[in-house]
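J.: Please see the structure below; I have some questions.
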Amino acid sequence: MRYLLIPVKDLSRAKQRLAALMTQAERTRLAWAMLESTFAAAAAARSADRIAVVTLYEPAIELAKQYGMDVIMETEQISESASVDFGSREVATLGAEAVLRLPIDLPLITSNDIETILAADQRNPLANPSVVIVPSRDGTGTNAILRRPPTLFPSHFGAGSLAKHIRESEQANASCQLLQLPNIALDIDEPEDLVEFLGRGQGNPIHDLLAEMNVAERLTRFF
């Protein structure tokens, strides 16, 4: 059985690195719009058996229930890595053989992107442990990671996470495949990410939201 695992933190203080451009209310709206986009893409991916949301954020819990997703309740949120590892342990007890972690800040994500990652999963029960990673746009981060089995090694999200996850894969004697998926590679954390997205995301509802906020005009003044 394969799970999609989506960690969601409290969005009331989301996207602090965009504080010079957007108010907290705007940043929360942006984060929520990306969460909705991620949930919709995950729900449309037919190759996953289950979807689990690990969170203590009540609005995300309610939306997950509307989609019929499993909810893994946290009592505290220490870090992205801790949340993913906790969620992975929990779904492993439910029979998950592989887990694909997806973040909620990928404005261009589609169900086809998720299906591409799942298609790369090595499902042969006689094979060694396996890992599929989609690097971030700058080539240093980990924007999606599938581990078989789910608790193969600890998560190391943050600066330099790609190298850390590759090293963990080697130490676990696991096959490790890197996929270059432009939609997954683009996350929104920094003002530069907004510039990239605004150049590529025309027609996307999140692009429309940023246009409503006049973010493009603010960016011209910021840079």
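J.: Please count how many residues of region 1-53 are among the hydroxyl-bearing types (Ser, Thr, Tyr), buried (at least 19 other Cβ atoms within 10 Å of the Cβ) and assigned to a helix (DSSP H, G or I).
T.: Here the count works out to 2.
J.: Restricting to region 58-73, what's the tally of residues that are in contact with a strand residue (DSSP E or B) (Cβ under 6 Å, 6 or more places away or on another chain) and either surrounded by fewer than 20 Cβ atoms within 10 Å (Cβ to Cβ) or part of a helix (DSSP H, G or I) (or both)?
T.: 5
J.: Can you pull out the residues in region 157-194 that are more than 17 Å from Ser130 (Cα to Cα), in contact with a Leu (Cβ under 8 Å, 6 or more places away or on another chain) and buried (at least 16 other Cβ atoms within 10 Å of the Cβ)?
T.: Asn183, Ile184, Leu186, Asp187, Ile188, Pro191, Asp193, Leu194
J.: Next question. Take Leu146 and decide whether it is surrounded by 15 or more Cβ atoms within 10 Å (Cβ to Cβ), among the aliphatic types (A, V, I, L, M) and in a helix (DSSP H, G or I). Spell out the reasoning first.
T.: Details: surrounded by 15 or more Cβ atoms within 10 Å (Cβ to Cβ): yes; among the aliphatic types (A, V, I, L, M): yes; in a helix (DSSP H, G or I): no.
In short, no.
J.: So, in region 150-193, how many residues would count as being under 30 Å from Gln24 (Cα atoms) and β-branched (Val, Ile, Thr)?
T.: Result for region 150-193: 2.
J.: Cβ-Cβ distance below 6 Å, separation of 6 or more or different chains: which pairs start in region 174-192 with a residue that is on the phi < 0 side of the Ramachandran plot and end on one that is of a type in the set (Phe, Trp, Tyr) and loosely packed, with under 15 Cβ neighbours inside 10 Å?
T.: Pro191/Phe222
Coordinate-derived values only; no laboratory data. On a predicted model such as this, the values are computed, not experimentally measured, just so you know. So basically every Cβ, Gly included, is an ideal-geometry build from the backbone, and we count neighbours across all protein chains shown.
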